[in-house]
Amino acid sequence: MNKKLEAVLLTQPKRAKYYITAAIIVSIALVWSSSALNQMTLTVKGWRIGWNILEGIVTPDKDLLFGGGDSGVAYLILQTIAIAFLGTLVGAIIAVPLSFISATNIVPKLVVVVTRFVIMAIRTVPSLVYGLMFIRVTGPGPFAGVMTLAVVSIGMISKLFIETIEDLDSGILESLDAAGSTFFQKIRYGVLPQLSSDFISILAYRFDMNLREATILGLVGAGGIGAPMIFAMSGYEWHKVGAILIGLFVLIFVIEYLSDKLRQHLLHG
């Protein structure tokens with residue numbers, strides 16, 4: 001048995017030099033990247049602020065955490081969920097047709113090149129930049145957050161939708177072509193039945209991401225729970241910051257749990 005194992009190991013490709021080369025490259029990258037930390041200093045004031053933040057999380061503002069009205073954490077969380085949901089929905093409505101006219105097994109290559117260039121251009125711009133742009137156009141508030149998340153969602157949803165569409169069973173499409181089906185009939189009877197579960201799973205994942213994005217966009221005035229948090233941090237009101245962070249933790253935990261359950265249901269029934 002040992003001889004057989006030795007013979008098998010001898011037939012395996014020698015990859016030691018590749019591992020050594022990769023280790024050297026990673027080591028050089030770590031040394032080079034660590035130079036960015038040379039200027040990092042932590043003062044006594046910084047330690048004090050860090051302790052105050054931790055204390056605020058442990059002893060949150062209960063009136064803010066459990067209070068009602070439009071200044072309570074519950075209302076701010078609901079507003080954040082609404083912004084994330086609408087942003088995901090609008091982005092998906094735009095992404096679906098873009099995905100179909102960007103799939104190589106659906107449309108000609110020239111159309112694919114043009115539409116994929118548009119999607120790539122959309123994905124290039126960071127969400128904060130989109131947020132600042134929409135705030136200038138529509139003014140600060142939840143609507144700017146919805147439009148920002150919609151545009152940001154288009155790029156990612158389209159990319160994942162395209163990959164899913166291109167992996168579908170081509171035999172069904174060929175049968176529909178042979179039957180003389182139109183472009184829209186192929187999508188209705190050959191594509192959507194195969195892709196509906198994957199599409200819902202992707203949208204659930206993007207909604208989960210948009211909840212976090214909506215929080216960040218609130219920092220620049222695009223609605224949601226982020227704006228009160230930055231105001232509390234600017235005023236050194238760490239107990240309020242703690243209450244908002246606890247609310248965010250509960251929100252993300254619940255949404256993560258529900259989205260995982262949904263994806264498991266779609267995959268395994």
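The values are calculated or read from the model by the stated rules, or taken from the named source; none is laboratory data. Note that the structure is predicted; figures quoted are calculated from it, not measured. A quick note on method: Cβ atoms are made from the backbone with ideal geometry, for glycine too, and the neighbour counts reach across all protein chains shown. To get the accessible areas, we keep the full protein, side chains included, count just its heavy atoms, and leave off ligands, DNA and RNA. Shrake-Rupley method; radii C 1.70, N 1.55, O 1.52, S 1.80 Å.
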Next item on the list: Could you identify the single residue in Val191, Val220 that is part of a helix (DSSP H, G or I), touching a residue at least 40 places away in the same chain (Cβ under 8 Å) and open to solvent by less than 80 Å² (accessible area, probe 1.4 Å)?
Entry: Val191
Next item on the list: Could you identify the single residue in Ile93, Ile122 that is in contact with a helix residue (DSSP H, G or I) (Cβ under 7 Å, 6 or more places away or on another chain) and either touching a residue at least 12 places away in the same chain (Cβ under 8 Å) or assigned to a helix (DSSP H, G or I) (or both)?
Entry: Ile122
Check: Given the structure, is Gln185 surrounded by fewer than 19 Cβ atoms within 10 Å (Cβ to Cβ), in contact (Cβ under 8 Å) with a residue 24 or more places away in the chain, over 20 Å from the mean Cα position of the chain (by Cα) and part of a helix (DSSP H, G or I)?
Finding: no
Notebook entry, point to check: Residue check: is Arg136 modelled with pLDDT of 85 or more, open to solvent by 20 Å² or more (accessible area, probe 1.4 Å) and basic (Lys, Arg)?
Noted result: no
Check: In the stretch 237-252, which residues are open to solvent by 70 Å² or more (accessible area, probe 1.4 Å) and either within 23 Å of Pro142 (Cα to Cα) or at pLDDT below 80 (or both)?
Finding: Lys240, Phe249, Val250
Next item on the list: Please go through the stretch 152-193 and pick out each residue that is β-branched (Val, Ile, Thr) and more than 13 Å from Val96 (Cα to Cα).
Entry: Val152, Ile172, Thr182
Note to self: Looking at the structure I just gave you, is Asp198 among the acidic types (Asp, Glu), part of a helix (DSSP H, G or I) and open to solvent by less than 40 Å² (accessible area, probe 1.4 Å)?
What the structure shows: no
Next item on the list: Look through the stretch 40-60, keep the residues that are at pLDDT 80 or above and in a loop (DSSP other than H, G, I, E, B), and return whichever of them is surrounded by the fewest Cβ atoms within 10 Å (Cβ to Cβ).
Entry: Thr59
